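These notes concern the structure reproduced below.
The values are calculated or read from the model by the stated rules, or taken from the named source; none is laboratory data. Note that the structure is a prediction, hence the values are computed from the model and not measured. Cβ placement follows ideal geometry from the backbone for every residue including glycine, while neighbour counts extend to all protein chains displayed.
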Amino acid sequence: MRSMVQTNKKTSQAKSTEDIAMNRNVLVVGGGWAGIKAACELAGLGYRAILVDDSTGLGGEASFDHFVSSNGDKLSTLLDSINAHQAVEILLSTRLVSLTGVPGDFRIRLQQYDEVFERSVGAVIVALEADPVSLAGEYGLQRAANVLSQSDIESVLAAAPEDRKLLGNGFKDIVFVVGLHEEENPLVMERTIRSALEIQVSDGCQATVLVNNVKLAEDGLEALYKRSRETGVLYFKLREKSQITQNGSNLRINFFDTVLHHNVELTPDVLVVEEAFRPHPQATRLAQVLGIDTDSEGFLQPDNVHFLPVRTNREGIYVIGSARQPCNLMHGWTDVENTVLEIRQLLGKGKKRVPAEKVKVHRGKCTLCLTCVRVCPHNAISWDNRAVISTVACQGCGICAGECPMDAIQLVDYSDDQIEAQISASMDKEADGPRILVFCCQNSAYEAAQMAQVFQMSAPDGLQTIKVPCAGKVDVDYILKAFRAGADGVLVLACHKDNCKSQQGNTFAGWRVEDARRLLSEIGMEEERLDFATIASNMPVEFVRITRQMEDKLRQLGPSRIRRQAAA
Amino acid sequence: MSLNVEEKLPNPKAGSVLVIGGGIAGLTVAWELARLDVDVDLVEKSSFLGGYAIQFCCKAADECQKCGACSVEKRLLEVIQEPRITVHLKSQLKEISPNGRFSYTISHHPLCVDPQRCTNCGLCLEKCPVPGAIVRGYSKNNMPLYAVDEAKCLYFRDGSCRLCQKLCPEKAIDLDQEPHRISKEADAVVVASGFQAFDPVHRPRYGYGINRNLITALDLERMLREKGEVVRPSDNKVPEKIAFIQCVGSRDHQLRHGFCSQVCCGYAMRMAEALHYRHPEIEVAIFYMDLQNCGKNFSRFYETCKDHIRFVRFMPGDIFQGEEDQLVLCYANEQDGHAMRETFDLVVLSVGIMPGASNVGLADMLNINLDKHGFLASADSLDDTSTSQPGVFLAGTAQGPKDIADSMAQAGRAARKVAHHLRAIDGSNEQENFSG
């Protein structure tokens, strides 16, 4: 069988490496239980943790989290141990104001009251808690003595049943509204179920829950939900927000019940409105300071599976617990352990072996236009009298090299010369059908191509692949070079949107293909000869389909003009 | 107290670890431990690594839908390239004595296919007279890519057929290999033995197995992975109407399955979106009780889905046979309660995550507990990797339902707990040496 996949020739022999010093201090931002645990675990391994929080105390009640409220003893032991730990520096009323440098050697500035001071750290963990926000306004309600937020009812229920006098105040019917304004999550649902259950069982009140989807995708929640129903808590599942009238202290709720199929009116004594978990108020500012991307809701991790569980677009900066996604303490502590693993890999025993050179910046060519600084998705580039690329921070995607207008940046393993030589070599081979050159991202298309080969799927005969570290490395020059070298068609295959390890590599590749298509049509070549598509590593079938489609198209178009001219 | 990291990080030669199960959780524990310079024996009962998750398809539409299937592919590649991990395929734990160090015995069934010689030509699969007796892995990283299923192979039944062995041009197949046992020692054990998908035969009113166009979501995952498209099993045509039925086996108190499988809404919605992207003409409906979240910003994802998918809040109790191998679902219209009959070309059962078949045996051998549903119980309310036995840890769906991302995260935590345990026993050894 013809070899469809061409492996990149090892051009450099034994790579030279160097050992660089890694600072063993770690900054932990956020003094909630996840931050405390992280500092404690790091200190236990011999790192030094700097734990900062802009409030005046550590821990906090987090009464919304059952894992916190039911593990008070363990948590207070943890708090004692961290206060006593020599390897943990606790800075309260303190904010992170700036961060520069590279992983293993970040310079940070912290502000405590009016004083600003510097520290050096090797890595940063963001452990901000999520912010519970009442949705009363979204339900058109004013807070009142009988309109409570979920936090309010939890404070009431924190007292012993005999002390809290719900019934004594004449409260009998208590209605919870949850998940009717937006899709909630198991954390929100659990709070509602627990409060409703408690009121039903201990206070002799009737608890009724108006909900859309009961979110139970968490260990033990189905059982809790069942128990609450068995004790008499009523659940009405609605499609949309019920009509709620708040007239002084009179509350009236009207909705259509889809089980009974008629309109229902409730006049509760108390209405409890859900709280949604939003990003911490400091999250946006911190994302800017740290140079990390957020998701569409503002949580501190892009929505990209390659960053899971705790990574960000920037090496050495990790996000845990509710800083990245609202979660309970159990999951938050799972994140802590995963972050410790990452930090161990990064900082090790204070020394890291790295390739002596990953990327070369040509001093004479660099004009300090700083395009590379702007496009680097990993924040790996700084500058002095030319662009300086951190070997530790750089993930080797090559987006900078592709964008550099002076071609001043060369990846050691994927230099322009190497890739162009591969293009020429691959186009020198004989082929029966149309000659197709495919630039394959090593993370997706290249794997899919190999998989298609192993599974004996019949890809086009004239197919040649060139492996690139990221589709964002594919230069317009490579595409033009491929046509010059005799390709009838060129494909650039990238990862799907939101699946690029370098976030934007696929976007850059798509733009460059657009550019190159315009150039092709300017010189009178059919722009259909060039295409861009997205694919994943486990899609060999799609790899064959995409390349076959290109082959069919090229059969209709015939050999490229350049090849026809060369033949003539 | 010393702050010297050198002293505190685990000694590279601290020990070796037994990981039971080669699914995504087991792969991740093994890989994380190897990154900590710990040697790992990874024991997998089937012929391939990757468990269920390696069979899953990419569900991307225009953009990635974050199902995580590609992460499994990546992790598998990392594991097979990692020299510290010794993989034992077609192997099962037979005995283990938890006495400080764990002495254990695993039984190896012969692979029959020599990975060094096999060139993946596929001739064995093509020529084998019994469907299913030669099976192929799902990923190029499943090596060897072909395996013999002893339960179906005629040679293992009565010795009557050796066709594959005779035909193999590379002489890579040897059916006469004997099963054997290996005894080893480990300093810690991680149970990552996974789950079993609910078998819809236990919900007889669906009639699974009668109409070929009634399939499980797992069947659909495999179909999309292998063919890249959806077809009706009865006629290989692209179906016009597809229904997903959620909570098949999960949240089913009649069957005493009082738990949510946590993954089915996510995979059903993602697959439905992938189907819509690939075949925009297909009508898809999802029948459900309560939609559970998946991934980040579920609200937005759900809104997008509503543009292409019909969501029906009703759980059909029966599935009836229609004409031309179609299937009929009966349900009540949510608005007026009227009974509806609707015909579909393909019905997909969103089967849930059930406790693994080996849980009882493993719990017994390792002297750890099962929870009331039959998953392996964790012993610490704040750490779901812990068990009642020192040195024994849990990862992945052996402990309870979870998706790929959560399995990987929990596996990372388990690896950390193992490292911690190794350091602790290493420290005590040092003390013993010191006092001796």
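Here are some notes:
- Applying the set (1) surrounded by 23 or more Cβ atoms within 10 Å (Cβ to Cβ); (2) more than 14 Å from every other protein chain (Cβ to nearest Cβ); (3) over 30 Å from A:ILE108 (Cα atoms) to A:HIS280 leaves exactly one unmet item: (3).
- Picking from residues in the stretch B:255-300 that are acidic (Asp, Glu) and in contact with a Lys or Arg (Cβ under 8 Å, 6 or more places away or on another chain), the one that is farthest from the other protein chains (Cβ to nearest Cβ) is B:GLU283.
- Filtered by the rule that a residue be surrounded by fewer than 16 Cβ atoms within 10 Å (Cβ to Cβ) and more than 37 Å from the chain's Cα centre (by Cα), the stretch A:536-556 gives A:ASP552, A:ARG555, A:GLN556.
- Residue count, the stretch B:64-87 (criterion: within 11 Å of chain A (Cβ to nearest Cβ) and assigned to a loop (DSSP other than H, G, I, E, B)): 5
- The residue of the stretch B:354-385 that is surrounded by the fewest Cβ atoms within 10 Å (Cβ to Cβ), among those that are within 11 Å of chain A (Cβ to nearest Cβ) and touching a strand residue (DSSP E or B) at 6+ places or on another chain (Cβ under 8 Å), is B:ASP380.
- Take the conditions (1) in a loop (DSSP other than H, G, I, E, B); (2) touching a Ser or Thr at 6+ places or on another chain (Cβ under 6 Å); A:ASP293 misses just one of them, which is (2).
- Single residue of the stretch A:36-59 satisfying the filter (of a type outside the set (Asp, Glu), in contact with a helix residue (DSSP H, G or I) (Cβ under 8 Å, 6 or more places away or on another chain) and more than 14 Å from every other protein chain (Cβ to nearest Cβ)) that is nearest to A:VAL310 (Cα to Cα): A:LEU51
- Those strands (runs of 3 or more DSSP E) of the stretch B:284-346 that lie entirely within it include none in which at least 1 residues are at positive phi and surrounded by fewer than 16 Cβ atoms within 10 Å (Cβ to Cβ).
- Condition broken by B:ALA339, with the remaining ones in (1) in contact with a Cys (Cβ under 8 Å, 6 or more places away or on another chain); (2) of a type outside the set (Lys, Arg); (3) in contact (Cβ under 8 Å) with a residue 12 or more places away in the chain; (4) closer than 29 Å to B:ARG205 by Cβ satisfied: (3)
- Qualifying residue in the stretch B:122-134 (condition: crowded, with 17+ Cβ neighbours inside 10 Å, in contact with a strand residue (DSSP E or B) (Cβ under 9 Å, 6 or more places away or on another chain), within 12 Å of B:SER47 (Cα to Cα) and not hydroxyl-bearing (Ser, Thr, Tyr)): yes
- Candidate set: the stretch A:195-220, residues that are over 30 Å from B:THR397 (Cα atoms) and in a strand (DSSP E or B); chosen: the one farthest from the other protein chains (Cβ to nearest Cβ): A:GLN206
- Scanning the stretch A:100-156 for residues that are under 17 Å from A:VAL28 (Cβ atoms) and among the polar types (S, T, N, Q) turns up A:GLN111, A:GLN112, A:SER120.
- Residue match in the stretch B:43-63 (condition: within 26 Å of B:ALA424 (Cβ to Cβ), within 12 Å of chain A (Cβ to nearest Cβ) and small (Gly, Ala, Ser)): no
- Some residue of the stretch A:232-242 being crowded, with 23+ Cβ neighbours inside 10 Å and charged (D, E, K, R): no
- Every residue from the stretch A:346-364 that is within 14 Å of chain B (Cβ to nearest Cβ) and modelled with pLDDT of 95 or more: A:LEU346, A:LEU347
- Of the residues making up the stretch A:335-345, not a single one is farther than 23 Å from A:ALA49 by Cβ and within 11 Å of another protein chain (Cβ to nearest Cβ).
- For B:ASN213, the conditions (1) away from every other protein chain (no Cβ under 14 Å); (2) farther than 30 Å from B:ILE368 by Cα; (3) loosely packed, with under 15 Cβ neighbours inside 10 Å all hold with the exception of (3).
- Breaking point among (1) over 25 Å from the mean Cα position of the chain (by Cα); (2) within 14 Å of chain A (Cβ to nearest Cβ); (3) not basic (Lys, Arg), for B:ASN120: (1)
- Leading residue by the ranking (surrounded by the most Cβ atoms within 10 Å (Cβ to Cβ)) among those in the stretch B:386-400 that are more than 8 Å from chain A (Cβ to nearest Cβ) and under 20 Å from the mean Cα position of the chain (by Cα): B:ALA395
- All of A:LEU128, A:LEU157 fail the test of being within 29 Å of A:ASP53 (Cα to Cα) and part of a loop (DSSP other than H, G, I, E, B), apart from A:LEU128.
- Filter result (crowded, with 24+ Cβ neighbours inside 10 Å, within 21 Å of A:PRO460 (Cβ to Cβ) and small (Gly, Ala, Ser)) within the stretch A:484-504: A:ALA487, A:GLY489, A:ALA494
- Applying the criterion of being within 14 Å of another protein chain (Cβ to nearest Cβ) and among the aliphatic types (A, V, I, L, M) to the residues of the stretch B:135-161, the residue that is surrounded by the most Cβ atoms within 10 Å (Cβ to Cβ) is B:LEU145.
- Pairs linking a residue in the stretch B:42-66 that is acidic (Asp, Glu) to a residue that is crowded, with 24+ Cβ neighbours inside 10 Å and modelled with pLDDT of 95 or more, with Cβ atoms under 6 Å and 6 or more positions apart or on different chains, are B:GLU44/B:GLY22.
- Residue in the stretch B:404-413 that is within 11 Å of chain A (Cβ to nearest Cβ) and hydroxyl-bearing (Ser, Thr, Tyr) present: yes
- Here B:ALA332, B:ALA339 are screened, and the one residue that is over 26 Å from B:ALA61 (Cβ atoms) and either away from chain A (no Cβ under 14 Å) or touching a His at 6+ places or on another chain (Cβ under 8 Å) (or both) is B:ALA332.
- In the stretch A:221-259, the residue that is nearest to A:LEU197 (Cα to Cα) out of those that are touching a Gly at 6+ places or on another chain (Cβ under 9 Å) and at the interface with chain B (Cβ under 9 Å from one of its Cβ atoms) is A:LYS226.
- Filtered residue count, the stretch B:271-299, keeping only those that are of a type in the set (D, E, K, R) and under 22 Å from B:ASP199 (Cα atoms): 1
- Residue list for the stretch A:165-194, restricted to those being assigned to a loop (DSSP other than H, G, I, E, B) and either charged (D, E, K, R) or outside the structural domain of A:THR267 (by TED's automatic domain parsing) (or both): A:LYS165, A:LYS172, A:GLU182, A:GLU183, A:GLU184
- Inclusion of B:CYS247 among residues that are crowded, with 18+ Cβ neighbours inside 10 Å and either within 22 Å of the chain's Cα centre (by Cα) or under 30 Å from B:GLY374 (Cβ atoms) (or both) is warranted.
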